[in-house]
1. When the Debye formula is applied to the Cα atoms of region 52-99, each taken as the same point scatterer, what base-10 log of I(q)/I(0) results at q = 0.18, 0.23, 0.29, 0.32 Å⁻¹?
2. Beta carbons within 10 angstrom, averaged per residue: use that to sort the peptides 59-69, 123-133, highest first.
3. Over all directions, the average projected area of the alpha-carbon convex hull for region 52-136 comes to how many nm²?
4. With a 10 Å radius around each residue's Cβ, average the other Cβ atoms per peptide and rank 139-150, 99-110, highest first.
5. Could you order peptides 170-183, 194-207 by the average number of other Cβ atoms within 10 Å of their residues, highest first?
6. When the accessible area of region 67-107 is computed with all protein chains present and a 1.4 Å probe, what percentage of it is carbon and sulfur?
7. Can you give the Kirkwood hydrodynamic radius of region 130-241 from its Cα pairs, in Å with one decimal?
8. Under the rule a/c < 1.5 gives rounded, and otherwise a/b versus b/c splits prolate from oblate, where does region 120-159 land using the Cα gyration tensor?
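The values are calculated or read from the model by the stated rules, or taken from the named source; none is laboratory data. Computed from a predicted structure; not experimentally measured. Don't worry about glycine lacking a Cβ; one is built from the backbone with ideal geometry, like all the others, and counts go over all protein chains shown. What goes into the accessible areas is simple: the full protein's heavy atoms, side chains included, and nothing from ligands, DNA or RNA. Shrake-Rupley method; radii C 1.70, N 1.55, O 1.52, S 1.80 Å.
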Amino acid sequence: MISKVLRSCLSVLAGAPAGAAAGPMPPLHRDREEESRRLPPSKTGNGKVSVVIPCYNAEDFVGATVQSVLEQTYPDVEILVVDDGSTDGSREVIRRFAGRVREIDSGTNRGGSHARNRGAALAVGEFLMFLDSDDVIAPDTLAGLVEAAGQGADSIAFCEWDRLRSRDGGWRAEPADAALPDPDADPLGEWLGMRWLPPCAVLWPRQLFERTGGWDENLTYNDDGDLMMRAFLNGDRLRRAEYGRAHYRDHGAARITVGTDLSSTRRVRSGIRV
């Protein structure tokens with residue numbers, strides 16, 4: 001259990017007075033009709049994985065992202081693509097996968113965190129992955145992550161990852177610029193020590209994700225770090241998969257999944273808060 005002293009330290013790092021309560025966060029609601037459609041555990045005994053893909057103006061990448069999930073060796077997967085008000089051809093690309101993915105229209109652009117919460121609320125899986133619309137995962141990734149998550153209670157599974165960077169007119173995998181966290185160490189300390197993970201390398205047991213309260217829709221920067229740190233404050237641990245790999249695409253200063261102004265005052269305040 002993480003002490004009150006550590007909670008105070010994290011509060012200071014977040015830019016709030018020690019002991020102060022965090023600002024209100026939109027609750028994670030699940031549609032009642034969708035709740036009634038929750039599926040029982042799969043025949044494999046491991047459980048269904050719901051892959052939530054938030055998409056905003058990602059027509060050049062979202063097809064490869066969806067295809068990487070369709071090619072998973074794990075047999076029980078659903079794919080939910082939440083379009084967050086795209087104005088390019090993203091919707092047309094998504095519709096090419098009709099019958100194999102579930103397309104969700106988020107309406108006007110409200111940001112990646114809202115899209116992820118919307119997808120999670122409609123998902124039926126026992127496990128959740130939040131895969132940005134420009135990232136891809138190797139075919140054995142979900143199988144390795146589910147296996148790792150099942151090895152201990154209160155365990156969030158993670159796998160190895162690398163960066164995809166634009167080189168010579170194409171995309172090339174390069175080593176990650178952050179070391180993998182040590183599963184046996186204090187997870188919060190590891191994260192604050194810059195041993196972090198992108199969302200595409202993480203698999204959440206649903207109950208652990210819901211216990212955090214979901215993605216904070218008030219944040220536009222480091223919202224994934226905020227989510228993970230809240231899980232660690234709940235006492236959740238990390239468990240490393242023995243196989244699988246995530247490819248985290250690096251666009252430099254540009255990001256395509258979150259349709260917000262990344263130079264805005266709101267973004268700066270988000271960084272200070274987290």
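1. -0.51, -0.79, -1.16, -1.34
2. Values: 59-69: 20.2, 123-133: 24.9.
The densest-packed peptide leads the list: 123-133, 59-69.
3. On the way: hull surface 19.8 nm².
Reported value for the Cα convex hull: 5.0 nm².
4. Values: 139-150: 22.4, 99-110: 14.8.
Going by the mean number of other Cβ atoms within 10 Å, highest first, we get 139-150, 99-110.
5. Values: 170-183: 13.9, 194-207: 20.9.
Final packing ranking: 194-207, 170-183.
6. Details: 840 of 1900 Å².
C and S fraction of accessible area: 44 percent.
7. Numbers: mean 1/r = 0.0678 Å⁻¹.
The answer is 14.8 Å.
8. Values: a/c = 2.14, a/b = 1.19, b/c = 1.81.
Oblate, because a/c is 1.5 or more while a/b does not exceed b/c.
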